[in-house]
1. So which of 71, 40 ends up being closer than 28 Å to residue 122 by Cα and without any contact (Cβ under 8 Å) to a residue 40 or more places away in the chain?
2. Tell me which residues, restricted to region 123-133, are open to solvent by 60 Å² or more (accessible area, probe 1.4 Å) and among the small types (Gly, Ala, Ser).
3. Checking the conditions here, which among 123, 117 is in contact (Cβ under 8 Å) with a residue 12 or more places away in the chain and closer than 18 Å to residue 65 by Cα?
4. Could you tell me how many of the residues in region 27-70 are within 30 Å of residue 103 (Cβ to Cβ) and among the polar types (S, T, N, Q)?
5. Please specify each residue of region 113-135 satisfying the condition of being basic (Lys, Arg) and either over 26 Å from residue 79 (Cβ atoms) or over 15 Å from the mean Cα position of the chain (by Cα) (or both).
6. Given region 1-117, what helices (runs of 4 or more DSSP H) lie entirely inside it while holding 3 or more residues that are open to solvent by 80 Å² or more (accessible area, probe 1.4 Å)?
7. Here is a check on your reading of the model: is residue 47 farther than 20 Å from residue 86 by Cα, without any contact (Cβ under 8 Å) to a residue 40 or more places away in the chain and acidic (Asp, Glu)?
Amino acid sequence: MITFDKRISLEEYNGLRRTVDWYEVSERQFITSIPKSIFITVGRDSETGKVVSMARAVGDGGYHLLVVDVIVHPDYQRQGIGKQMISQLIDFVHTGYIEKGETTMVSLLSAKDKEPFYEKFGFFRRPNDERGSGMSMFYTQE
């Protein structure tokens, strides 16, 4: 059984990132970014206490929300954990982020070939007839 909370250590965070071949973050990056998350959910195996998933979102507190760090440990994928986390996020948007009558934009950069997962929740691909491509850049300070 998976339980969800908001706690994660640097070691747990980087350990989870390694399971999906993502680069590790520094302690400074961790202590600067994680507490500033507007939304965070961390899945733990209730038998072992091991962190097996997480999702978080950052934003401006009003109009825009960016979903980041959606990770499910490969040994726990295809068990509905990702669906639970994105559902929690969408519930948060409806009940804790915007007020009645407001519109907000929720964006994400999908991992390759994971787009169909997010489309089930109403996310759409870019480019399309109204919007251009999503873009990103990685920069390493030498």
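1. Step by step, each of 71, 40 is checked, and only 40 is closer than 28 Å to residue 122 by Cα and without any contact (Cβ under 8 Å) to a residue 40 or more places away in the chain.
2. Within region 123-133, just 133 meets the criteria.
3. 123
4. 5
5. Listed by number, the residues that qualify are 120, 125, 126, 131.
6. By residue number, 27-33, 81-92.
7. So residue 47 does not fit the description; no.
The values are calculated or read from the model by the stated rules, or taken from the named source; none is laboratory data. What you see is a predicted model, and the numbers here were worked out from it, not measured in a lab. Note: ideal-geometry Cβ built from the backbone for every residue, glycine included; neighbour counts use all protein chains shown. For the accessible areas, the whole protein counts, side chains as well, though only heavy atoms, and no ligand, DNA or RNA atoms are used. Shrake-Rupley method; radii C 1.70, N 1.55, O 1.52, S 1.80 Å.
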